[in-house]
Amino acid sequence: MLGKLIHHEFKTTSRLFLPMYICLGVITLLLKLSLTFSFGGDSIFASDSSTLLSIVNMLLIMVYVIVLIGIILLTYFIIIRRFYTNMFSDEGYLMFTLPVTTGQLLNSKLIVAFIWQFLMIPATCLSFFLLFMNTEVLREMPYLFSEIGKELHILNISGFHISLLIAEMILAVVVEMCSLILMCYLSMTLGHHLLPEHRLLGSILAFLGIYTVESFITSFFSTFAGNVFFNQVEFYSIQDLLSYLNTAMPIGILLTLLLCVVYYLLTHYLLSKKLNLE
């Protein structure tokens, strides 16, 4: 049943998300063609470009920036509104009469929301790549990577440490994304439960309260871990810094994972035991 819920959620949300990414692709293509036609793709501000083409390029750049910001804001708006509408509006009566568990409902929302949120990263990266890459840059990339490899060898930095750090950074981003979604879900659930007559205000106050508590906990454990594990650390080389990061980042990831579990369990408990849609 969870698969059916995820399929339905994807089908519904794709009607909102796909036009956003199509819009990003179109404006990226138009801006790339405009810059290539005007300057050969080498520079946005070329001295030999005409005034009209310069104006067109600047307008397209403005639209491009607005679209990027809009995708980020709309992604979170759609995620939040979708959860609220399905769980706490009139649709909630229908959702909670389906032959599914509260966990399946919550998991389907979380999985689909995370996937759409995560897709922002490759979509924007691909857009930047298409916009700023040209044949000259592509020809120079092997040389650039070769020089980076030589510098790392001179600094005696192994590829393992770099790969581990990149993997930890990716994992940290993934966990933080989950934490943000679950924080929003818990905030809406608390707002509905604590202030049923003023749900929006209650959700905002709950979010601010959860964020404050999380910031305090993160700061406390960061200070505690620093005093216990890293008090005697002295950075004499880049290797010392990498070793510190490769040790400190897993601690931060573990703490965020624990917060995710707490947010999830609280949301699940309130939805299954304390929800009142009247």
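The values are calculated or read from the model by the stated rules, or taken from the named source; none is laboratory data. All figures in this text were calculated on a predicted structure; none of them were measured in a lab. In case anyone asks, the SASA skips ligands and DNA or RNA and just uses the protein heavy atoms, side chains included. Shrake-Rupley method; radii C 1.70, N 1.55, O 1.52, S 1.80 Å.
Restrict the check to region 114-135 and report whether at least one residue is modelled with pLDDT under 70 and assigned to a helix (DSSP H, G or I).
Looking for residues that are modelled with pLDDT under 70 and assigned to a helix (DSSP H, G or I), one finds at least one in region 114-135, hence yes.
Could you tell me which residue of region 240-261 is modelled with the lowest pLDDT, considering only residues that are within 23 Å of the chain's Cα centre (by Cα) and open to solvent by 70 Å² or more (accessible area, probe 1.4 Å)?
L254
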